[in-house]
Amino acid sequence: MNTEAISAAGHAIATPSFAAADAPPSRPWSGANRLIGLILPLGLALAWETAVALKWADGRLLPTPSRIVATLAGLAQSGELTSHVLATLQRVALGFAFGVAAGTVMGAVSGYWTLARRLVDPTLQALRNIPSIAWVPMFILWFGIFETSKVILIAVGVFFPIYLSLSAAIRGVDRKLVEVGRSFRFSHGEMITRILLPATLPTYVVALRSGLGLGWMFVVAAEFMGAEEGLGFLLIDGQQTGRPAVILASITAFAILGKLTDWLLASVSARFLTWQDSFKPAE
Amino acid sequence: MLSVTQVDKRYPNGVLALAGLNLTVAAGEILAIVGGSGCGKSTLLRLIAGLDSPTAGRIALDGTPVTAPRPEIGLVFQEPRLMPWLTIAQNVAFGIRHLQAGERTRRVSESLARVGMASQSGRWPRELSGGQAQRAALARALVGRPKVLLLDEPFSSLDALTRGDLQEHLLDLWGDDQPTMILVTHDIEEALFLADRVVVMQPDPGRIRTAMVPPLARPRDRADPDFLHCKRRLLTDLGHASGVARHPVAASV
């Protein structure tokens, strides 16, 4: 075989491969596909509503969806719902922000720097296993009964999944990519920000979402400790006054807010992950 | 000039990968290092790149010891090793991140044009074929205009046609700045097609067995009888180097 032949053939092969490397056509998210997720909750709600209406079941202990909606509407009308939602949202947002910041810094440091890992990781792993409720009395003693202790409790809950995932993910980054950074004489800071953090971004996003989920759980625990407003307070109030519809209204509000914030987080982060060459299941 | 003097490399597990290795590479020379797996050829390249340090001995570029990666030394790995979260242009810009944005953009497009990838600059690595990705890796290594370009089996994972294409392309690229090139390969034909000098290494412990300056005019023709003769000789050397005396004719098929 002579070189001209190789070269000519190489070009002939190379040219169509440019076209073949085109990105696959993006699947438009049709409205119908999104609505599939509503079938299950709406179907269950409708079934319960029908069952109670036909007297097959008693709606006293498990109020019908229409009563829950009516309760929510009443709370919204009096302005209570807004103040509860805003109070809870603010706590979750602050706790999430502090938890994410601390978890990211600690996770990055302990993932990158072995000495730091040996120093702090065992302690953090031990602390991680303490149930959140166990902290409540201490946090009230240390930080008072008002907002600070609540935000810290939520931040603690958010911190651990972020810390754990990020430090583990950094240790799982492909050595070969890190070596490219070394060959270009990256500083430690550049190595972290330009290679390790981008490489761990997909895992990090999942960690953020599970951290946010924990944030929503911890806010209830936080609001159990003497809050005057918030969805958790509403829940306790419904319990103490024997109103299951109020309890379920609060739970419904938690579910909707949790779902909305998770969706927001997922869709914002998806924009940073378009580079991923990952499995896309068939429709 | 690059010099490797009495270099030993022992890994923490006790394996002696290189022993008493001496090698001098002239500026602008294209040197190929061939040898079977485990002969220490990739280890040697990592030492020259400054990614690893020798247990004993000295490596110097123009008199200055190489103890860590240096800007004058560019490196192409066996895999493209492009950052999947950066576009091709951003990947190439990795090599010159200290330059000002305008200058950087100019150099990146120039470098991508040199490897024939100008139209791919906005693509993601996952969208490229193997040959295109390796071209991008070449552009990234060359964008800083290194004095020395190290290539660790750069084309071994490509199909034969793309490989031949890229080998010729590499010679074109060399013609522009004429950097010193050290190419590690297990492909004797590739070594003979590209190199001014071919060094054969042997394992246990890794050392240089023979060296050959192929008496071949450029551009080289893989079907030329002299080319085939050189190939047969190198195969014989390699057979001895790995402890297996192969039949020269059988080996050249």
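The values are calculated or read from the model by the stated rules, or taken from the named source; none is laboratory data. All values reported here derive from a predicted model rather than from experimental measurement. Neighbour counts run over all protein chains shown; Cβ positions are idealised from the backbone, glycine included.
Would you check which residues across the range A:196-251 are more than 20 Å from A:Trp263 (Cβ to Cβ), buried (at least 19 other Cβ atoms within 10 Å of the Cβ) and in contact with a His (Cβ under 6 Å, 6 or more places away or on another chain) and list them?
A:Gly230, A:Leu234
Considering each residue of the range A:208-235, count those that are free of Cβ contacts under 8 Å to residues at least 60 places away in the same chain and either of a type in the set (Ser, Thr, Tyr) or part of a helix (DSSP H, G or I) (or both), and give that number. Step through it out loud before you land on a result.
From the range A:208-235, those free of Cβ contacts under 8 Å to residues at least 60 places away in the same chain are A:209-210, A:213-214, A:220, A:228, A:235; that's our starting set.
From the residues that got through so far, the ones that are either of a type in the set (Ser, Thr, Tyr) or part of a helix (DSSP H, G or I) (or both) too are A:209-210, A:213-214, A:220, A:235.
So the answer is 6.
Give the range B:80-106 a look and list any residue that's surrounded by fewer than 19 Cβ atoms within 10 Å (Cβ to Cβ), farther than 14 Å from B:Trp124 by Cβ and not β-branched (Val, Ile, Thr), or say none.
B:Arg97, B:His98, B:Leu99, B:Gln100, B:Ala101, B:Gly102, B:Glu103, B:Arg104, B:Arg106
Go over the candidates B:Gly28, B:Gly20 one by one and state the one that is among the small types (Gly, Ala, Ser), assigned to a loop (DSSP other than H, G, I, E, B) and either more than 14 Å from chain A (Cβ to nearest Cβ) or surrounded by fewer than 21 Cβ atoms within 10 Å (Cβ to Cβ) (or both). Lay out the reasoning, then the answer.
Numbers: B:Gly20 fails: assigned to a loop (DSSP other than H, G, I, E, B).
After ruling out the rest, the residue left standing is B:Gly28.
Test A:Ile192 against the criterion of being touching a residue at least 24 places away in the same chain (Cβ under 8 Å) and surrounded by 18 or more Cβ atoms within 10 Å (Cβ to Cβ), and give yes or no. Full working, then the answer.
Numbers: touching a residue at least 24 places away in the same chain (Cβ under 8 Å): yes; surrounded by 18 or more Cβ atoms within 10 Å (Cβ to Cβ): yes.
Here the answer is yes, as A:Ile192 does meet what is asked.
Mind listing just one residue for me: the one in the range A:143-175 that is more than 30 Å from A:Glu223 (Cα to Cα) and more than 9 Å from chain B (Cβ to nearest Cβ) and, of those, surrounded by the fewest Cβ atoms within 10 Å (Cβ to Cβ)?
Narrowing the range A:143-175 to residues more than 30 Å from A:Glu223 (Cα to Cα): A:167-175.
From what is left, the residues that are more than 9 Å from chain B (Cβ to nearest Cβ) are A:167-173, A:175.
Values: A:Ser167: 24, A:Ala168: 15, A:Ala169: 22, A:Ile170: 25, A:Arg171: 14, A:Gly172: 12, A:Val173: 19, A:Arg175: 8.
Among those residues, the one meeting the criterion is A:Arg175.
Select from the range A:117-140 the residues that are among the aliphatic types (A, V, I, L, M), modelled with pLDDT under 90 and over 25 Å from the mean Cα position of the chain (by Cα) and list them in ascending order.
Filtering the range A:117-140 for residues among the aliphatic types (A, V, I, L, M) gives A:119-120, A:124, A:126-127, A:130, A:133-134, A:136, A:138, A:140.
With modelled with pLDDT under 90 added as a condition, the list becomes A:130, A:133-134, A:136, A:138, A:140.
A:Met138, A:Ile140, listed by residue number.
Tell me, which residue of the range B:186-232 that is aliphatic (A, V, I, L, M), surrounded by fewer than 17 Cβ atoms within 10 Å (Cβ to Cβ) and under 18 Å from the mean Cα position of the chain (by Cα) is nearest to the other protein chains (Cβ to nearest Cβ)?
The qualifying residue nearest to the other protein chains (Cβ to nearest Cβ) is B:Val213.
What is the number of the single condition among (1) over 20 Å from B:Ile33 (Cβ atoms); (2) of a type outside the set (S, T, N, Q); (3) modelled with pLDDT under 90 that B:His229 does not meet?
Of everything listed in (1) over 20 Å from B:Ile33 (Cβ atoms); (2) of a type outside the set (S, T, N, Q); (3) modelled with pLDDT under 90, B:His229 misses just condition (3).
Name the pairs: first residue in the range B:114-136 and at positive phi, second residue surrounded by 17 or more Cβ atoms within 10 Å (Cβ to Cβ), Cβ to Cβ under 7 Å, at least 6 apart or on different chains?
Pairs found: B:Gly116/B:Arg135.
Here is a check on your reading of the model: is B:Leu183 among the hydrophobic types (A, V, I, L, M, F, W, C) and either within 14 Å of chain A (Cβ to nearest Cβ) or in contact with a Ser or Thr (Cβ under 7 Å, 6 or more places away or on another chain) (or both)? Walk me through it before giving the result.
Numbers: among the hydrophobic types (A, V, I, L, M, F, W, C): yes; either within 14 Å of chain A (Cβ to nearest Cβ) or in contact with a Ser or Thr (Cβ under 7 Å, 6 or more places away or on another chain) (or both): no.
Considered against the rule, which asks whether it is among the hydrophobic types (A, V, I, L, M, F, W, C) and either within 14 Å of chain A (Cβ to nearest Cβ) or in contact with a Ser or Thr (Cβ under 7 Å, 6 or more places away or on another chain) (or both), B:Leu183 comes out as no.
Are any residues in the range A:134-158 within 22 Å of A:Leu212 (Cβ to Cβ), in contact (Cβ under 8 Å) with a residue 60 or more places away in the chain and out of contact with any helix residue (DSSP H, G or I) (no Cβ under 6 Å at 6 or more places or on another chain), and if so, which ones?
Residues satisfying the conditions are A:Val136, A:Val156.
Please specify each residue of the range B:31-48 satisfying the condition of being out of contact with any Leu (no Cβ under 6 Å at 6 or more places or on another chain) and more than 17 Å from B:Ala60 (Cα to Cα).
Scanning the range B:31-48 gives B:Ile33, B:Val34, B:Gly35, B:Gly36, B:Ser37, B:Gly38, B:Cys39, B:Lys41, B:Ser42.
Test A:Val178 against the criterion of being of a type outside the set (S, T, N, Q), away from every other protein chain (no Cβ under 12 Å) and either assigned to a helix (DSSP H, G or I) or on the phi > 0 side of the Ramachandran plot (or both), and give yes or no.
Details: of a type outside the set (S, T, N, Q): yes; away from every other protein chain (no Cβ under 12 Å): no; either assigned to a helix (DSSP H, G or I) or on the phi > 0 side of the Ramachandran plot (or both): yes.
It is false that A:Val178 is of a type outside the set (S, T, N, Q), away from every other protein chain (no Cβ under 12 Å) and either assigned to a helix (DSSP H, G or I) or on the phi > 0 side of the Ramachandran plot (or both).
Go through the range B:165-185 and count every residue that is under 10 Å from the mean Cα position of the chain (by Cα), under 17 Å from B:Arg220 (Cβ atoms) and among the hydrophobic types (A, V, I, L, M, F, W, C).
Of the residues in that region, 2 qualify.
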